[in-house]
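Chemist: This structure is in structure tokens; I'll ask about it shortly.
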Amino acid sequence: MSLFIVFEGGEGCGKSTQTRALCRHLSRDGFQVVLTREPGGTRLGERVRRYLKQTNETPISPLAELFLIATARAQLVSEVIRPALKQKRTVICDRFTPSTLAYQGYGRGLDMDALREVNDIATDGLVPDLIVLLDIPVEDGLNRKKSKESDRFESESVAFHTRVRRGYQKMAKADPKRWLVVDGRLPRKAIEKKVWERVGILLRRESHA
Ligand code: TMP
């Protein structure tokens, strides 16, 4: 049984907590799980992540940003995700291609078709079975991050993050079979329950396939 599950959302939406929780639930039920993240998850990807997040470098152009992210993604897919799926493991990824459409597309204004093509090349056509969107108002998310120093993305304007949020909502609405939208302001356990219910449906479907 191999599922590919992606968590998405704006800054401070609670993805890391929820990816870890799902990983625990699946492992408890005997599934072999690989938990990873974007950008990152490989040596190359983690270097790209550090570079992209720091605020003290010369400004990175939107296109350069896109290709750095695509570079990290291509490496993650070939080094971690594809091999894990091949070994019938379930892969949980904190961000994937939808982040590029949300941030580089709706946020930065790059051409959507071009982004889809770059995503398709970087992933060699790999599409998640489920995308969980943890949706929270921009200010709530940014406030959750206030205790830390803001990184390059978090330092973007509220208008930027609002475009990102609207973009996510639009993508989720257009493909409800693949997306699950959960209110990120719900208590942690309530979110876990909603995610687990939906994953359960997928697992049952897979086991009958
Ligand atoms: P996070 O996973 O800790 O939220 O940090 C990753 C940052 O990278 C986040 O601010 C969004 C950004 N990002 C993009 O802009 N495009 C992408 O395709 C991905 C994967 C991440």
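The values are calculated or read from the model by the stated rules, or taken from the named source; none is laboratory data. All values derive from a computational prediction rather than experimental measurement. Glycine gets a Cβ as well: all are built from the backbone with ideal geometry, and neighbour counts include every protein chain shown.
Chemist: Out of V181, V138, V199, which single residue is at pLDDT 95 or above, aliphatic (A, V, I, L, M) and over 27 Å from L52 (Cβ atoms)?
Modeler: Only one candidate passes the filter, namely V199.
Chemist: Let me confirm something: among K145, K170, which residue is among the charged types (D, E, K, R) and within 14 Å of G14 (Cα to Cα)?
Modeler: Step by step, each of K145, K170 is checked, and only K145 is among the charged types (D, E, K, R) and within 14 Å of G14 (Cα to Cα).
Chemist: Kindly indicate whether L44 is surrounded by fewer than 16 Cβ atoms within 10 Å (Cβ to Cβ), farther than 25 Å from D183 by Cα and among the hydrophobic types (A, V, I, L, M, F, W, C).
Modeler: No; evaluated as a whole, the condition is false for this residue.
Chemist: Could you list, ordered by first residue, the pairs with Cβ atoms under 8 Å in which the first is in segment 57-86 and free of Cβ contacts under 8 Å to residues at least 40 places away in the same chain and within 11 Å of G40 (Cα to Cα) and the second is outside any helix (DSSP H, G or I) and polar (S, T, N, Q), at least 6 apart or interchain?
Modeler: Listed pairs, sorted by first residue: A72/T42; Q75/T42.
Chemist: Of all residues in segment 121-159, how many are within 13 Å of the ligand (Cβ to nearest atom) and crowded, with 16+ Cβ neighbours inside 10 Å?
Modeler: 14
Chemist: Would you please list the contacts, defined by Cβ atoms under 7 Å and residues six or more apart or on different chains, that run from a residue in segment 6-18 that is closer than 10 Å to D135 by Cβ and of a type in the set (A, V, I, L, M, F, W, C) to a residue that is outside any loop (DSSP other than H, G, I, E, B) and more than 9 Å from the ligand (Cβ to nearest atom)?
Modeler: C13/L134; C13/G141
Chemist: For segment 16-39, what are the residues that are in contact with a strand residue (DSSP E or B) (Cβ under 7 Å, 6 or more places away or on another chain), under 28 Å from A70 (Cβ atoms) and crowded, with 17+ Cβ neighbours inside 10 Å?
Modeler: If the condition is that a residue be in contact with a strand residue (DSSP E or B) (Cβ under 7 Å, 6 or more places away or on another chain), under 28 Å from A70 (Cβ atoms) and crowded, with 17+ Cβ neighbours inside 10 Å, then Q18, T19, L22, C23, V33, V34, L35, T36, R37, E38 are the ones that fit.
Residue by residue, here is whether (1) over 30 Å from R205 (Cα atoms); (2) among the β-branched types (V, I, T); (3) out of contact with any helix residue (DSSP H, G or I) (no Cβ under 7 Å at 6 or more places or on another chain); (4) not in a loop (DSSP other than H, G, I, E, B) holds:
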residue	(1), (2), (3), (4)
G141	yes, no, yes, yes
S150	yes, no, yes, no
S155	yes, no, yes, no
R165	yes, no, no, yes
Y168	no, no, no, yes
V181	no, yes, no, yes
R185	no, no, no, no
K194	no, no, yes, yes
